[in-house]
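For reference, the structure is listed below as structure tokens.
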Amino acid sequence: MSIKTKILLFAFLLTFGFGEVIALHVFSVDYNSLSQENTKQLRMQAASDVVPVSAMTRSRNNSNEYAFVFSAVQNTKIVILNEETGSNVVIKPTAEAPAEFQLPPFFLEELRQAVLGNSDRLLVLETNTDLSVRNATSISASNLSLRNGTNEQVSLPRFLYGPKENVREAFPLDRRITNIFLQRPRLIPATDNPEILRELAQLEEEMSYFVFMYELPDGSKIIFDENFNKPAERTAVSTGSNLEFNLSGNLTGSAHAATLYALNIWSEHLKGTVPVNINVMFATNLPSNVLGRSWGTPHFWNPDTETWYDPALGKQLAGFNYAPTQMDIRLEMNEHFNWHFSTTTETPFSRFDWATVMLHEITHGLGFGSIIRSDGRYVYSINDTQGAFTDFPCIFTRQLYQGHTGANLTSFDATQRAFIIVSDLLFAGSEGSYLLAANNGIRARMFAPVEWRAGSSVHHWDPSVNFETFMTPSIAAGQRLHRISDREIAIMRDMGWIIVENETNIPEIEQTPRTPIAFFNFMGIKLGEEPTSGMYIILYCDGTSRKVMR
């Protein structure tokens, strides 16, 4: 029986995936870390007959990317050098780096403006750790700022930083790229058939692409993902009274209306001052057993709270859009799938309900999901010191616990976390939290089966929960649920979202006394003492936090 036939027979279950769990730290980037003596030696080696010039395989594709294949990953450095000035960028592969290194146009232009400066040509060198040159090649720098074959300028990302009252822009000279990650979009399969899931996992790996970590002048960090920087195929339409959403993409007709309907459901519960930018596209090139794919969210790291935030939430806490050239949520859905778009009629058993799927994916985009990997480490690591990652959790992970009474997940080391997330004993609900109050005073079980399921484990409620929800790992064809559970609203509130004043299904709670260790404003700036008025965040000794409005 062919795979295609199997798909037609077994495609009765949509298995949700979450795109943030499969990024690998593959390169570290340093600006001008080489001495003048080092750069002189490199230029002399590159000019000698000993070094095989152009031995590195180099190709330039239709996207104007330079792709280099180097001879080894271990004990290797890649140096991009301005021959005239000696300005340099050193790119160090990690043990998980691929053998091919791509230089997209924006990356080269970013480096040119930030550190390399103007030059007719740039040297690209593959060296050993002692800077002895293995291979060398050069690329033309005269048209780095232009897209291939056009006079259109390459677009660089824009980032803003600082307190809301004094927002500044971080230009290339003010910021730096510190790390490069290899990330895969997460396919949303239409079946939980193990054989098909394995094939899709391989396909995801083939679709891997690079994302870049920027450090801004205030120490904050933002992930830049070119897939979130694509121009919208359609003018954005704003919707939502309490939390505004800007929907762009190529949806039309009933699909567009059903997506606006789902966005408005969330807007009935959450408040915000910064619009959430979401791009939803119909795709024609997805496999027939895939309902769609979601792209990894470009996270924001706050150095004061040492916590990652999804952009939709992070921007609300900041009070402004600190990455105006990027989307907050991006999805591609299979145009050829058997969707049910109506928001007023029952969903046939042979179709998947579009609004239910949209509500699920929007909830992930608003912050419902961890950045933890199967090995217990977090996806985005700030630096690489002697091979050991420095781990920082996201705000969602700070809501997770071992068992009904165990410690917060962030209090364990990576090895211990790796055990907990496959123990079937992962729960959510901090002491004194809104989630605990909404769930009858007990923690809510998370999906943590003994066999790790990439994209599903940790990021969903367990199917055994006793409340109605669309945030379990899968949904059957014909299933329709257009109501957000009070548990989802409660955990959003625990993470920092503000809910509408007339929300009645989340009880007000009396906070159990805990020991506060720090106070922050909504920009994450540490305060000297607890304010007597206004809005602020308390960080407790157990790693949890609470939003306060006086």
Ranked highest first by the average count of other Cβ atoms within 10 Å around their residues, in what order do 467-476, 241-250, 426-435 fall?
426-435, 241-250, 467-476
Between V500 and V450, what length in nm is gained on full extension when 0.36 nm per residue of separation is reduced by their alpha carbon distance?
14.2 nm
Return the distance in nm (one decimal) between the two label points of a simple spin-label model at L203 and A518, each offset 7 Å from Cα along Cα→Cβ.
4.3 nm
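Expected output is a single nm value to one decimal: the length gained when fully extending between S241 and E96, i.e. 0.36 nm times separation in residues minus the C-alpha distance. What is it?
That pair, S241 and E96, stretches by 47.6 nm at full extension.
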Using a 7 Å offset from the Cα along the Cα-to-Cβ direction at both A476 and K271, what is the distance between the two label points in nm, to one decimal?
4.0 nm
First measure r as the distance between the Cβ atoms of Q113 and D218, then evaluate 1/(1 + (r/R0)^6) with R0 = 25 Å and state the FRET efficiency to the nearest 0.05.
0.80
For I498, I222, what ranking results if the residue with the fewest other Cβ atoms within 10 Å of its Cβ goes first?
I498, I222
Violations at 26 Å Cα threshold for listed pairs K40/K77; K77/K526; K164/K271; K92/K315; K92/K526 -> K77/K526; K92/K315; K92/K526
On a full-extension model of 0.36 nm per residue, what is the gain between D120 and Q416, subtracting their alpha-carbon distance, rounded to one decimal in nm?
101.3 nm
Set the Förster distance to 25 Å, then compute FRET efficiency between S48 and V73 from the Cβ-Cβ distance, nearest 0.05.
0.50
Between R483 and S288, what is the spin-label point distance in nm, taking each point 7 Å from the Cα along the Cα→C-beta axis?
3.8 nm
For F107, F520, F349, which order do you get if you count the other beta carbons within 10 Å of each Cβ and list the fewest first?
F349, F520, F107
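Highest first, please rank the peptides 307-318, 196-207 by the mean number of other Cβ atoms sitting within 10 Å of their residues.
307-318, 196-207
The stretch 284-383: which GluC sites (Glu not before Pro) are DSSP loop and have at most 11 other beta-carbon atoms within 10 angstrom?
Counting only loop positions with at most 11 other Cβ atoms within 10 Å, the GluC sites (Glu not before Pro) in the stretch 284-383 are E346.
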For a paramagnetic label modelled at 7 Å from the Cα of F349 toward its Cβ, which residues of the stretch 264-292 fall within the zone defined by backbone nitrogen distances under 12 Å?
none
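Just so you know, all these numbers are worked out from the coordinates, no wet-lab data involved. Worth saying up front: this structure is predicted, and the values here are computed from it rather than measured. Please note: Cβ atoms are built from the backbone with ideal geometry, for glycine as well, and neighbour counts cover all protein chains shown.
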